[in-house]
Amino acid sequence: MLKKLFQSFRSPLRHSKQHPRSTPEVLSNRQHPLRRDENISRYAVSVVERLQNAGYQAYLVGGCVRDLLLGIKPKDFDVATSATPEQVRAEFRNARVIGRRFKLVHVHFGREIIEVATFRANHPQGEEDENSNLSARHESGRILRDNVYGSLEDDAQRRDFTINALYFDVTGERILDYARGMHDIRNRLIRLIGDPEQRYLEDPVRMLRAVRFAAKLDFDIEKHSAEPIARLAPMLRDIPAARLFDEVLKLFLTGYAERTFDLLLDYGLFAPLFPASAAALKHNPEYTERLIREALASTDDRIEQGKPVTPAFLFAALLWPALPARAAQLQARGMPPIPAIQEAAHELISEQCQRIAVPKRFTLPIREIWDMQERLPRRSGKRADLLLENPRFRAGYDFLLLRENAGDDTGGLGDWWTDYQDASDSERRRMIRDLSSSPAEGSAPRKRRRGGAKRRNRGEGATPPAAE
Ligand code: ATP
Ligand code: MG
């Protein structure tokens, strides 16, 4: 229905450039399919109306307008307004000003948050001051603070992509298009507004956003917007690690991870984000790619089925293939195998955190998932039942299956654990008894040293993936 309506709207006048115009193309509700009472959060509508009634300009903008036009349910609703953050806050009891690099107001309605941003202007390069509260720019051109307010026209110009610069006036049901966004929606193109290189230099994260939207919407990146990416990709190294963590979650935990991974590789954006994993892709391409791809595909499946996903499992999979090479290096310097694996795991995670600030609440479970890989083969006596009770069992078991699917030979361990979980008590006892006839399993528990203080601190150990 949406699609039909959208296809039938009249094509606007032709304009040759993607540069924003000072007068927008205005599309009435006969020319587009958006309706204020259909698929739009009533809270978003009420925020816009309230601001308009108070005498300010206010529009829905960004991802929600773009997604509605494409028949996708918006993730959230963003409002752009002429009111300053303080003026917005004064209009709503339930509003909070957030952010420093980019000040915004969050208006809370129960669990739903409507994000309200004041129109901003592109600050001319050279006029900023590193210590200014309003705007600041790094010598590379990167924007450090972006709080110079402007008109609606200015606001359209400083947005990233043409398809993200469509403004919907819920009152008049009109769409304002300053950057030929409708044209690019129709042609399924991600196109930066203005000069692509300059816009990436201002904010290198726009390269990740281009890839994210291309994967999510199944759009192409327009050729001039695509061209500088591989060249400028190393600039991602200068982005604060905390911001990159948020961006990486959006890349991999929103349902399009596998397609996103392909695009990140194509555009040279994967290596600056995950240097150790990129090295593993070079040294051991088949296993590494298969394991990462399996993990991303199963993440996408889970999201589609509405099941929970955790960043810990994702990062555990992305980094796992880098473990053996790192452990081998340490062993070559004389470290015994088990401590070498432990140390490799520790080093890998802390190096990755310098690039992407994975919070502790996720790095600990990464270690636990890895450590579980060494414990899952040791099943005799009461061990199997104890492992089953471990809160990390499920993640460890899923990770084992992932490794097997990627080509790790574990001697059928995954099947054994699948059967064990379904077995009755007596069958379980038999399965454990049968183990003692297998030499590998029978001797494993006795071989294992009882842990000293040092060992306990570092966890139980992790088995490296199949040798390269
Ligand atoms: P989604 O919410 O579906 O991920 P979105 O386009 O709404 O997509 P947000 O991060 O919510 O993305 O940003 C809202 C809008 O703000 C964008 O549509 C875009 O117009 C603008 N924007 C966000 N980040 C940038 C950026 N780095 N540079 C320029 N404009 C940006
Ligand atoms: Mg949004």
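Using unit Cβ charges (K, R positive; D, E negative) and no other charged atoms, how large, in debye to the nearest 20, is the dipole of region 244-322 about its Cα centre?
On the way: 7 positive and 11 negative charges, 31 e Å.
Around 140 debye, computed over region 244-322.
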- [ ] Using amide H atoms built 1.01 Å from N in the peptide plane, name the residues 5+ places from L166, or on other chains, whose amide H lies under 5 Å from its own.
- [x] G62
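Relative contact order of region 320-403: what whole-number percent is it, with Cα pairs under 8 angstrom and at least 6 residues apart?
Details: 42 pairs, mean separation 19.2, N = 84.
Result for region 320-403 is 23 percent.
Is region 233-317 rounded, prolate or oblate when judged by the Cα gyration tensor, a ≥ b ≥ c being the square roots of its eigenvalues, rounded requiring a/c under 1.5 and prolate requiring a/b larger than b/c?
The shape class here is oblate.
Can you figure out the FRET efficiency of D195 with D409, using R₀ = 51 Å and their beta-carbon distance, to the nearest 0.05? Let's see the in-between values first.
Values: r = 52 Å, r/R0 = 1.03.
So, using R0 = 51 Å, E works out to roughly 0.45.
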TODO: Quote the charge dipole size of region 276-322 about the Cα centre in Debye, to the nearest 20; the model charges only the Cβ of Lys and Arg (+1) and of Asp and Glu (-1).
DONE: 120
Open item on the list: Using a Förster radius of 35 Å, what is the FRET efficiency between I98 and H346 based on their Cβ-Cβ separation? Nearest 0.05, please.
Closed with: 0.55
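Grab the Cα-Cα distance for D76 and A297, subtract it from 0.36 nm times how many residues apart they are, and report the gain in nm with one decimal. Don't skip to the answer; put the middle values down first.
Values: separation 221, 0.36 × 221 = 79.56 nm, distance 2.45 nm.
Gain on extension, D76 to A297, equals 77.1 nm.
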Open item on the list: Could you give the length gained by full extension between H283 and N53, i.e. 0.36 nm per residue of separation minus their alpha carbon distance, to one decimal place?
Closed with: 76.6 nm
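Once you have a ≥ b ≥ c as the square roots of the Cα gyration tensor eigenvalues for region 281-326, tell me rounded if a/c is under 1.5, and otherwise prolate or oblate according to whether a/b is larger than b/c. Intermediate values should be presented prior to the final figure.
Numbers: a/c = 5.13, a/b = 2.03, b/c = 2.53.
Here region 281-326 falls in the oblate category.
Could you work out how much longer the chain between A90 and K223 gets when fully extended? Use 0.36 nm per residue separation minus the Cα distance between them, nm to one decimal. Intermediate results must be reported in sequence, preceding the final value.
Values: separation 133, 0.36 × 133 = 47.88 nm, distance 4.44 nm.
Result for the pair: 43.4 nm of gain on full extension.
Report the FRET efficiency, 1/(1 + (r/R0)^6), for E112 and S426, where r is their Cβ-Cβ distance and R0 is 51 Å, rounded to 0.05. All intermediate terms of the calculation are to be shown ahead of the outcome.
Numbers: r = 52 Å, r/R0 = 1.02.
According to the calculation, E is roughly 0.45.
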Task: Estimated inter-spin distance, R433 and S22, nm [label 7 Å along Cα→Cβ] - done: 9.0
Task: Most to least packed among 412-423, 338-349 [average Cβ atoms within 10 Å] - done: 338-349, 412-423
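Just so you know, all these numbers are worked out from the coordinates, no wet-lab data involved. The model shown is predicted, which means the values in this text are computed figures rather than measured ones. Reconstructed Cβ throughout: ideal geometry from the backbone, glycine too, with neighbour counts over all protein chains shown.
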